[in-house]
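A.B. asks: Below you will find the structure I want to go over with you.
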Amino acid sequence: MDLGLNEAQQMLKTSAQDFLSAECPDTYVREMEEDERGYTPELWTKIAEQGWLGLIIPEQYGGVELEFQDLVVLLEEMGRYMLPGPFFSTVVLGGMSIMDAGNEEQKQEYLPRIAEGQIIMTLALTEPSARWDAPGVELTATANGDSYTLNGTKLFVQNAHVSDYMVVVARTGSSEKDISLFVVPTQSDGINQTLLKTIASDRQSEVVFSDVQVPSSALLGVENKGWETIQKVMQWGAIGKCAEMSGGGQQVLDMTVDYAKQRTQFGRPIGSFQAIQHHCANMATDVEGSKFITYQAAWRLSEGLPADREVAMAKAWVSDAYRRVCALGHQSHGAIGFTKEHNMQLYSRRAKASEIMFGDTDFHLENVANIIGL
Amino acid sequence: MDFKFEGIDEDFRSEIKDFVEKELPWNWREQDLDPEDEKDSVLVRNFKRKLGDQGWLTMAWPKEYGGQAASHMRQVVFNEEMAYRGISAGDAGIRMVGPILMLYGTDEQKEQFLPKIASAEINWSQGYSEPDSGSDLASLQTRAVEDGDDFVVSGSKIWNSAHADSDWMFMLVRTEPDAPKHRGISFVLTELEGQEGVTIEKIPMMWDAYRGLVTFDNVRVPKKNLVGEQNRGWYVGAALLDFERSGVDRPARAKRVLEDLVEFCKENKKNGRLLADDPVIRNQLAELAVQVETTRLMCYNVAWMQSQDLIPNKEASITKVYGTETVNRLYGLGVKIMGLYGQLDPDSKWAPLKGRIENAWLRSFGGMVAAGTSEIQRNVIAQRGLELPRG
Ligand SMILES: Cc1cc2nc3c(=O)[nH]c(=O)nc-3n(C[C@H](O)[C@H](O)[C@H](O)COP(=O)(O)OP(=O)(O)OC[C@H]3O[C@@H](n4cnc5c(N)ncnc54)[C@H](O)[C@@H]3O)c2cc1C
């Protein structure tokens with residue numbers, strides 16, 4: 001057993017910290033909250049140069065061919081530094097869908113361009129029903145000769161506004177899991193997007209498909225088998241979000257401990273009051289738990305072991321733990337932590353968004369209940 | 001034991017409902033107004049005037065000052081009905097400055113301020129906290145130096161509502177730097193409007209609102225605006241005012257949010273099932289309903305104690321901690337029930353209940369810090385209430 005990071009992971013973590021502290025300071029995060037695109041192409045290019053976009057893409061497609069657990073180490077740091085932009089949607093949602101379901105030609109076409117930073121991708125999964133299960137997919141793709149016609153509405157699509165391609169999850173048959181995936185250029189005729197205003201100031205959109213025509217070659221993998229891939233993508237997505245939350249939680253804890261040492265009231269640091277000490281201790285407990293429950297699931301996913309139980313437990317735990325950590329962080333900071341100028345609220349707003357992506361605590365506890373035999 | 005309100009108080013409850021239904025210029029079921037918001041403040045002020053005309057704003061005041069000397073339970077009824085409808089009635093002037101002037105003010109001060117306070121003409125800002133003095137308020141450093149007929153005030157006051165067109169600030173200032181910290185503080189009234197040396201900065205908060213930072217640079221405040229004795233301001237500010245201070249507005253507001261959420265659950269689905277049929281959601285909402293009810297009774301107890309001439313001490317702190325934390329849990333549950341939609345800002349077309357719950361949830365964190373943090377309240381409960389030794 002080895003619960004720690006290996007040497008390569010440690011290096012990745014350190015270089016991510018060096019890179020992100022230099023390139024993604026909080027000033028950048030704030031600027032991007034207001035920015036129309038939500039990221040800068042300059043930083044995107046530098047990220048590509050780090051090899052991060054191709055971190056888990058096989059070498060034959062121009063990637064570095066590391067494992068999912070290595071990506072998790074990187075995502076943890078991105079959560080800590082709140083990296084804005086389409087990294088997650090391109091690599092975890094778009095890229096991993098193609099790696100899982102794509103045929104050789106499709107992999108050749110998209111993966112090298114992802115690795116090089118030439119294209120931005122996302123996944124169009126959820127709809128106004130806001131469901132994470134197969135019946136929630138109502139957008140239809142109707143075959144006609146060697147093309148398909150897409151009709152329906154996707155909601156909460158991450159970074160659709162800057163994506164070159166979307167992996168669209170569509171219904172192609174009447175039985176529950178008759179679902180197929182299509183790689184669709186975002187600029188296609190008949191696609192209409194509207195940005196939503198969200199708590200995390202991230203970029204999510206409503207995307208309406210009206211008679212959007214795509215060639216048969218856009219079908220990713222096998223018709224009516226798309227849901228198998230989506231289930232895996234949701235697991236990677238859930239654990240990817242856990243990693244971001246775990247990193248964010250660590251930063252909130254560090255910030256709070258620092259502040260508790262610095263801020264004096266009644267002639268002593270507030271960190272000398274047991275009330276504040278207990279807050280910090282509770283936060284540390286949540287952060288510790290978040291890390292290991294995330295790593296365990298990431299490891300199982302990397303090894304290709306069954307991971308339903310571990311993923312459900314991780315997402316259920318970390319979603320709540322991170323919210324608790326942020327709440328105690330706020331409470332310990334007093335009024336200053338509620339100001340827009342303070343970083344505390346940048347984390348707590350993002351915590352809410354991560355909590356509900358790929359299923360919240362209730363959703364995953366229900367999975368756990370099934371898995372433990374209830 | 002008798003948990004009923006008096007018949008006349010229940011009649012009064014109906015009277016308020018009828019009045020609000022007829023006179024309120026906005027739909028309280030659909031819209032939350034923020035008295036510190038520029039657009040909203042005009043509507044709120046105008047409606048307050050109407051409440052003032054009814055004599056309701058100052059119903060707690062003694063008759064000699066134009067009030068009705070209303071019983072504590074009648075005040076509970078009024079505060080409950082207003083809070084339930086999201087109406088801000090009663091402001092710092094009516095609840096704090098007025099009564100303090102009745103206790104400590106000069107005749108001239110009473111004459112100058114009380115009528116205007118009663119008719120909600122003055123917009124007050126509370127200038128207690130400073131950047132370095134929050135929980136430890138008595139360490140405040142804003143200096144007031146005597147100079148002829150004036151004090152010359154320098155320093156800064158933070159987290160107040162001065163950004164929202166406040167006319168006056170009631171503030172604590174240090175007049176005697178060498179005295180023990182509680183004994184060198186004075187309570188003064190400072191006009192902000194058009195005052196030389198006053199700079200007001202807006203601090204954007206994580207919810208959709210601001211707090212104020214006011215900097216005083218050699219601002220002249222006439223000595224006639226000193227309330228109570230010089231250097232006794234700490235005790236003036238801390239005067240226990242015999243008004244209803246049960247915090248009953250919190251469970252009243254929460255009751256309305258609960259109702260909104262129940263309606264939401266009856267109309268919306270999660271994973272194909274009506275939220276109202278989901279046992280987890282049912283359980284969680286029911287639990288909150290119990291917590292809100294418990295809070296309400298705790299608040300009633302505070303008011304009832306007051307009506308019996310008992311001084312609620314730990315009881316008031318208990319309602320503050322439990323009330324603000326319950327409100328935070330309730331909004332948190334509301335946001336959670338809304339699932340992916342819970343993350344939408346108020347101005348999103350897809351936002352349920354106009355995004356009110358999301359924004360109120362963020363704001364509700366402030367409640368656990370403002371006016372004495374939960375930690376400080378728990379210290380009070382443990383040390384003053386339960387007489388545990390100080391750490
Ligand atoms: C929404 C909002 C509105 C406000 N409105 C006003 C206003 O109108 N006018 C005004 O003057 N002020 C206002 N305040 C300020 C408010 O009174 C202070 O924020 C509050 O007293 C706490 O002070 P602080 O924020 O400086 O936190 P600090 O006092 O620095 O506290 C930081 C942390 O340390 C803890 N702590 C401090 N001392 C102890 C102790 N002895 N034991 C255990 N824990 C301790 C606190 O509980 C908190 O968790 C407002 C604040 C908010 C959030």
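The numbers here are math on the coordinates, done by the rules we state, and not lab data. Please read all numbers here as calculations on a predicted model, not as lab measurements. In this analysis, Cβ positions are derived from the backbone assuming ideal geometry, glycine residues included, and neighbour counts consider all displayed protein chains.
A.B. asks: Any idea which of A:Val325, A:Val318, A:Val252 is more than 24 Å from B:Ile203 (Cα to Cα), touching a Leu at 6+ places or on another chain (Cβ under 9 Å) and in a helix (DSSP H, G or I)? Can you show your working first?
C.D. replies: Working: A:Val318 fails: touching a Leu at 6+ places or on another chain (Cβ under 9 Å); A:Val252 fails: more than 24 Å from B:Ile203 (Cα to Cα).
A:Val325 is the lone residue from the list that is more than 24 Å from B:Ile203 (Cα to Cα), touching a Leu at 6+ places or on another chain (Cβ under 9 Å) and in a helix (DSSP H, G or I).
A.B. asks: Filter the range B:200-254 down to the residues that are assigned to a helix (DSSP H, G or I), among the charged types (D, E, K, R) and within 30 Å of B:Val152 (Cα to Cα) and list them by number. Can you show your working first?
C.D. replies: Keep residues of the range B:200-254 that are assigned to a helix (DSSP H, G or I), which gives B:223-225, B:233-237, B:249-254.
If we keep only those that are among the charged types (D, E, K, R) as well, we get B:223-224, B:249-250, B:253.
Correct list: B:Lys223, B:Lys224.
A.B. asks: Determine the pairs where a residue that is within 14 Å of chain A (Cβ to nearest Cβ), located within the range B:278-296, has a partner that is surrounded by fewer than 16 Cβ atoms within 10 Å (Cβ to Cβ) and part of a helix (DSSP H, G or I) with Cβ atoms under 8 Å apart, the partner being 6 or more residues away or on another chain.
C.D. replies: B:Leu285/B:Val262
A.B. asks: Name the residues in the range B:336-354 that are more than 7 Å from every other protein chain (Cβ to nearest Cβ) and either in contact with a Gly (Cβ under 6 Å, 6 or more places away or on another chain) or among the β-branched types (Val, Ile, Thr) (or both), would you? Don't jump to the end; show me each part of the working.
C.D. replies: Step one: filter the range B:336-354 for residues more than 7 Å from every other protein chain (Cβ to nearest Cβ), giving B:337-338, B:346, B:349, B:351-354.
Hits for the range B:336-354 are B:Ile337, B:Pro346.
A.B. asks: While we're on this one: Would you please list the contacts, defined by Cβ atoms under 6 Å and residues six or more apart or on different chains, that run from a residue in the range A:270-281 that is near the ligand (Cβ under 9 Å from one of its atoms) to a residue that is acidic (Asp, Glu)?
C.D. replies: Going by the 6 Å Cβ cut-off, the qualifying pairs are A:Ala275/B:Glu375.
A.B. asks: Out of everything in the range B:113-167 that is hydrophobic (A, V, I, L, M, F, W, C) and within 14 Å of chain A (Cβ to nearest Cβ), what residue ends up being nearest to the ligand (Cβ to nearest atom)?
C.D. replies: Filtering first and then ranking leaves B:Trp159.
A.B. asks: Here is a follow-up. Scan the range A:137-180 residue by residue and report those that are on the phi > 0 side of the Ramachandran plot and touching a residue at least 40 places away in the same chain (Cβ under 8 Å). Step through it out loud before you land on a result.
C.D. replies: Step one: of the range A:137-180, the residues on the phi > 0 side of the Ramachandran plot are A:145, A:152, A:156, A:159.
Matches in the range A:137-180: A:Gly152, A:Phe156, A:Asn159.
A.B. asks: Follow-up question, since we're still on this one. Suppose we filter the range A:281-306 for residues that are buried (at least 18 other Cβ atoms within 10 Å of the Cβ) and over 23 Å from A:Glu67 (Cα atoms); how many remain?
C.D. replies: Qualifying residue count, the range A:281-306: 3.
A.B. asks: Just for the range A:185-211: of the residues that are in contact (Cβ under 8 Å) with a residue 60 or more places away in the chain and among the aliphatic types (A, V, I, L, M), which one is surrounded by the most Cβ atoms within 10 Å (Cβ to Cβ)?
C.D. replies: A:Val207
A.B. asks: Can you name every residue in the range A:255-308 that is out of contact with any Lys or Arg (no Cβ under 7 Å at 6 or more places or on another chain), outside any helix (DSSP H, G or I), within 13 Å of chain B (Cβ to nearest Cβ) and of a type outside the set (Ser, Thr, Tyr)?
C.D. replies: Hits for the range A:255-308 are A:Arg263, A:Gln265, A:Phe266, A:Gly267, A:Arg268, A:Phe273.
A.B. asks: Still on this structure, please answer the following. Of all residues in the range A:305-342, how many are farther than 19 Å from A:Ile270 by Cα, within 16 Å of the ligand (Cβ to nearest atom) and touching a residue at least 12 places away in the same chain (Cβ under 8 Å)?
C.D. replies: Looking only at that region, the number is 1.
A.B. asks: Also, quick follow-up: Scan B:Asp136, B:Asp217 and give me the residue that is surrounded by fewer than 16 Cβ atoms within 10 Å (Cβ to Cβ) and of a type outside the set (A, V, I, L, M).
C.D. replies: Details: B:Asp136 fails: surrounded by fewer than 16 Cβ atoms within 10 Å (Cβ to Cβ).
Residue meeting the stated conditions: B:Asp217.
A.B. asks: Within the range B:358-391, which residues are more than 7 Å from the ligand (Cβ to nearest atom), over 20 Å from the mean Cα position of the chain (by Cα) and more than 7 Å from chain A (Cβ to nearest Cβ)?
C.D. replies: Once the filter is applied, which keeps residues that are more than 7 Å from the ligand (Cβ to nearest atom), over 20 Å from the mean Cα position of the chain (by Cα) and more than 7 Å from chain A (Cβ to nearest Cβ), the range B:358-391 yields B:Ile381, B:Ala382, B:Gln383, B:Arg384, B:Gly385, B:Leu386, B:Glu387, B:Leu388, B:Pro389, B:Arg390.
A.B. asks: Further question on the same structure: Taking only pairs six or more apart or across chains, which ones have beta-carbon atoms under 8 Å, a first residue in the range A:250-266 that is touching a residue at least 12 places away in the same chain (Cβ under 8 Å), and a second residue that is assigned to a loop (DSSP other than H, G, I, E, B)?
C.D. replies: So the pair list comes out as A:Met255/A:Asn343.
A.B. asks: Further question on the same structure: What number of residues within the range B:2-44 are hydroxyl-bearing (Ser, Thr, Tyr) and in contact (Cβ under 8 Å) with a residue 60 or more places away in the chain? Don't jump to the end; show me each part of the working.
C.D. replies: Kept after step one, since they are hydroxyl-bearing (Ser, Thr, Tyr), are these residues of the range B:2-44: B:14, B:41.
Imposing the further condition that a residue be in contact (Cβ under 8 Å) with a residue 60 or more places away in the chain reduces the set to B:41.
Count: 1.
A.B. asks: Okay, moving on. I'm told B:Arg174 meets every condition in (1) of a type outside the set (Gly, Ala, Ser); (2) near the ligand (Cβ under 10 Å from one of its atoms); (3) over 19 Å from B:Glu191 (Cβ atoms) except one. Can you identify the failing condition by its number?
C.D. replies: Here B:Arg174 clears every test but (2).
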